[in-house]
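Enquirer: One structure, pasted below without further comment.
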Amino acid sequence: MHSFLKGEFDRQRDGFELIASENYVSTSVLEALGSIGTNKYSEGMVGKRYYGGNEWIDKIEGLAASRAKKLFGVDHANVQPYSGSPANQAVYFALLNHGDKVMGLNLFFGGHLTHGWKINFSGKYFDSVQYKTGTDGLLDYDALEKQVKEERPKLLFCGATAYPRLYDYKRMGEIAHAVDAYFVADIAHEAGLIAGKAIPSPAGHADVITTTTHKTLRGPRGAMIMCNGEPSNPLKPLPKDADPRKNLPTLIDRAIFPGLQGGPHNHTTAAIGVALGEALRPEFQQYAKQIIRNAKSLSETLIDEGFELVSGGTDNHLMLIDLTNKGVTGQEAEDALGLANITVNKNTVPWDKRTPYDPSGIRIGTPALTTRGFKESEMKQVGILISSTIRNIKDKEKIEGIKKSVMELCEEFPLYPDLSY
Ligand code: DSN
């Protein structure tokens, strides 16, 4: 196992990490993640646990939650979800009944499995209706409003894994609330950009906000659910006629435990708290803005190199490339770039004629390389190296040469210089 971890360390150090949902955490986050928090059981909430010996865990979880509230401007944060999918599952469990109607963005158009995809729990146990983008790759809010009025879902999800533009949270909230639906913003991808005040927040528009903590937010793998209001005593049942909208924190907390999960992963909670502390510092705002500047620089370079970007560019940390005009599939591009130490993932593009396992595009994001210190000029070099790889996709020698250039640029921006395996 040690040699495998060393192999992964070398891979992360020696290549361009361009998967839009990945990042490099700080050594403080790593330290908390590898801590003795993992030894402890602590079912329940701060101050109301089902196991003894939780006086320090209460402080750890309390600090993480209070930092989340401050960072995102919300009244309540549950930091216990194991990851993004369980967090979304908890929202369904808290607010809906089996078979209720939900609406989310279709997976082919950049949506997430848990937003109602048919073979996911969310599409199997709920009546899922999906919305799509237009042929331009952009959300069409008028079309969405019409569909929501016709379908009258009980919950409308906003959020995606491959949408390169900003959301109109205000408009989506109005659309959902006009039919009395809950509006849930899944900000997993953009959380760090929102925390760093580089893009607008759904706070004040969404009833519930879910997020992972390991993408742009640069924390450990984990998740949070946020909303407004104060939870009631977790040990007292809610009255049968309690208004769910006035009891969101209680319903969310109880869906996490005892509804779905057991003991929280306290080492992860500690690491989330450390990452949130980092995100509260002014430097993080610079980081968030630089992610977007880097994405713009990379997207402009790729457009100059003849690549077709869904929606024509990006406003956030990621871009989606439709490779059809290059005569290359997403899988072929992912494989060739991988040989050059450039890690990306294949991805469907809106109205894709291919399948998610063998799609027409690739998704590229800048959070990890921005953490490493890359700026606009380096991102231009990254774009040229990507372009070169695709142009020489069958030429092993040329790709070997590109890999050398990738490694040289990586060496200029050392990753974890104080860590060794
Ligand atoms: N797997 C995540 C992503 O790559 O966007 C979504 O859950």
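The values are calculated or read from the model by the stated rules, or taken from the named source; none is laboratory data. Here the structure is a predicted model, which is why all the values come from computation and not from measurement. Note that each Cβ is placed from the backbone with ideal geometry, even for glycine, and that neighbours are counted across all protein chains shown. Just the protein is used for accessible areas: all its heavy atoms, side chains included, with ligands, DNA and RNA removed. Shrake-Rupley method; radii C 1.70, N 1.55, O 1.52, S 1.80 Å.
Enquirer: Determine, from the Cβ-Cβ distance of TYR50 and LEU5 and an R0 of 30 Å, the FRET efficiency 1/(1 + (r/R0)^6), rounded to the nearest 0.05.
Expert: Efficiency, from the Cβ-Cβ distance: 0.30.
Enquirer: Relative contact order (percent) for the chain, with alpha-carbon contacts under 8 angstrom and 6 or more residues of separation?
Expert: Answer for the chain is 23 percent.
Enquirer: Right, another one. Just tell me which lysines come within less than 18 Å, Cα to Cα, of LYS70; anything on the same chain fewer than 8 places away is out.
Expert: In chain and number order, the partners are LYS59, LYS197.
Enquirer: Still on this structure, I have one more. Could you tell me which of rounded, prolate or oblate describes the range 227-286, using a ≥ b ≥ c as the square roots of the eigenvalues of the alpha-carbon gyration tensor, with rounded for a/c under 1.5 and, failing that, prolate when a/b is larger than b/c and oblate otherwise?
Expert: oblate
Enquirer: Under the classification rounded if a/c is under 1.5, otherwise prolate if a/b is larger than b/c and oblate if not, where does the range 348-406 fall, given a ≥ b ≥ c as square roots of the Cα gyration tensor eigenvalues?
Expert: Judged from the Cα gyration tensor, the range 348-406 comes out oblate (a/c at least 1.5, b/c at or above a/b).
Enquirer: Taking +1 at the Cβ of each Lys and Arg and -1 at the Cβ of each Asp and Glu, which of HIS214, TYR51, PHE126 sits farthest along the dipole of the chain towards its positive end, judged by Cα position relative to the Cα centre?
Expert: Checking the options against the dipole of the chain, the answer is TYR51.
Enquirer: So for the range 74-189, Kirkwood radius off the Cα pairs, Stokes-Einstein at 25 °C and 0.890 mPa s: how many µm² s⁻¹?
Expert: Rounded, D is 172 µm²/s.
Enquirer: Carbon and sulfur: what percent of the range 53-101's accessible surface (1.4 Å probe)?
Expert: Accessible surface attributable to carbon and sulfur in the range 53-101 totals 52 percent.
Enquirer: At 37 °C and 0.692 mPa s, what whole-number value in µm²/s does Stokes-Einstein give for the translational diffusion of the chain, with Rh from the Kirkwood sum over Cα pairs?
Expert: Rounded, D is 148 µm²/s.
Enquirer: Compute the signed sum of charges (Lys and Arg +1, Asp and Glu -1) over the other residues within less than 13 Å, Cβ to Cβ, of PHE126.
Expert: +1
Enquirer: While we're on this one: Under a Cβ-only charge scheme (Lys and Arg +1, Asp and Glu -1), can you give me the dipole magnitude of the chain about the Cα centre, in debye to the nearest 20?
Expert: The dipole of the chain has a size of about 640 debye.
Enquirer: For the range 298-337, what does the relative contact order come out to in percent, with C-alpha contacts under 8 Å and a separation of six or more?
Expert: 31 percent
Enquirer: For the range 290-417, just run the numbers: alpha carbon Rg, then divide by 2.2 N^0.38 Å, N being how many residues it has.
Expert: 1.00
Enquirer: Kindly report the accessible area of the chain per residue (heavy atoms of protein chains, probe 1.4 Å, no ligands, DNA or RNA), in Å².
Expert: 44 Å²
Enquirer: In terms of the ratio Rg/(2.2 N^0.38 Å) built on C-alpha atoms, what value belongs to the range 16-67?
Expert: 1.49
Enquirer: While we're looking at this one, here's another question. Roughly how many Å is it from the Cα centre of the range 202-224 to that of the range 70-149, as a whole number?
Expert: 14 Å
Enquirer: Continuing with the same structure: Give me Rg over Rh for the range 48-115, both radii from the alpha carbons and Rh done the Kirkwood way, two decimal places.
Expert: Rg/Rh for the range 48-115 comes to 1.08.
Enquirer: Quick one, could you list the DSSP H helices from the chain stretching 18 Å or more along their long axis (Cα atoms) with average Kyte-Doolittle hydropathy of 0.0 or above?
Expert: TM-like helix candidates: 266-279, 376-391.
Enquirer: With a 1.4 Å probe and all protein chains left in place, how much of the accessible area of the range 163-319 comes from carbon and sulfur atoms, in whole percent?
Expert: 52 percent
Enquirer: Now, a different point. Share of antiparallel DSSP beta bridges in the chain, in percent to the nearest 5?
Expert: If I count the DSSP bridges inside the chain, around 60 percent turn out antiparallel.
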